[in-house]
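One structure is given below, encoded as structure tokens.
Any read-out appearing in this document is the output of simple, stated calculations on the displayed coordinates, not a laboratory observation. The structure displayed is predicted, hence computed values, not measured ones. Cβ placement follows ideal geometry from the backbone for every residue including glycine, while neighbour counts extend to all protein chains displayed.
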Amino acid sequence: MSVVLERLRPDHAPALLVFERENRAFFAATVADRGDAYFAEFDARLRALLDEQEEGTVHFHVLVAEDGAILGRINLVDVADGAAELGYRIAEAATGRGLATRGVLEVCRLAVEEYGLRRLHAGAAKENAASRAVLTRVGFGAVGGAVMDDGGTGISYELDLGGSFGRERSGAPS
């Protein structure tokens with residue numbers, strides 16, 4: 001199955017909502033649940049996020065299958081001073097296929113080549129071994145402990161993108 005990384009657009013809204021609803025319980029097992037308000041106010045929230053993206057303070061991406069289904073999200077938020085926070089989630093049915101690693105690598109390349117970023121930060125819950133493995137495979141280094149959104153403990157990671165990250169690594173989703 002071919003999967004492509006796309007910058008989030010308004011026309012992704014229906015598939016994105018399906019992705020979030022179908023995977024809500026799966027995601028809530030390792031990250032704070034978005035809550036009922038997220039789904040009730042989805043369209044307005046998405047418009048606000050896309051406005052932020054236009055301002056350049058965030059960069060949202062989706063992994064899209066051939067049939068238009070969204071299989072993952074990979075986001076850069078809190079963009080400032082050449083740095084951003086990386087976050088990602090992959091649909092339960094799409095885990096274990098390398099999509100997270102390939103998608104994160106591609107977003108790191110975009111961070112350098114398109115967004116002019118030099119450093120990325122990320123966090124992963126201690127019990128989320130899969131997410132920690134993705135960060136390590138991509139080249140992030142653990143830099144200390146973190147308190148997660150749900151109050152649990154996690155690990156903070158950093159990646160120095162340098163000037164050569166995009167040339168040394170490849171792995172765009174396919």
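Points to keep in mind about this one:
- Share of Cα-Cα pairs in region 55-113 lying beyond 14 Å, as whole percent: 54 percent
- Charge dipole of region 77-121 (Cα centre as origin; +1 on each Lys and Arg Cβ, -1 on each Asp and Glu Cβ, all else neutral): 200 debye, rounded to the nearest 20.
- At an R0 of 41 angstrom, the distance between the Cβ atoms of residue 25 and residue 2 translates into a FRET efficiency of 0.90.
- Taken one residue at a time, the phi angles of region 114-125 give Karplus couplings (6.51, -1.76, 1.60, θ = phi - 60°) of 9, 9, x, 8, 10, 8, 10, 10, 8, x, 9, 4 Hz. Gly and Pro are set to x.
- Alpha-carbon geometry of region 1-94: the Rg and the Dmax are 13.2, 38 Å, given in that order.
- Cβ-based net charge around residue 2, under 11 Å, with every Lys or Arg adding one and every Asp or Glu removing one: -2
- Volume per residue that the Cα convex hull of the chain spans, once the total is divided by residue count, Å³: 111 Å³
- Simple label model, 7 Å out from Cα along Cβ direction - residue 80 to residue 156, nm: 1.5 nm
- Structure-based [θ]222 nm, the chain - -39500 (n - 2.57) summed over DSSP H runs of at least 4, per residue, nearest 500: -10000 deg cm²/dmol
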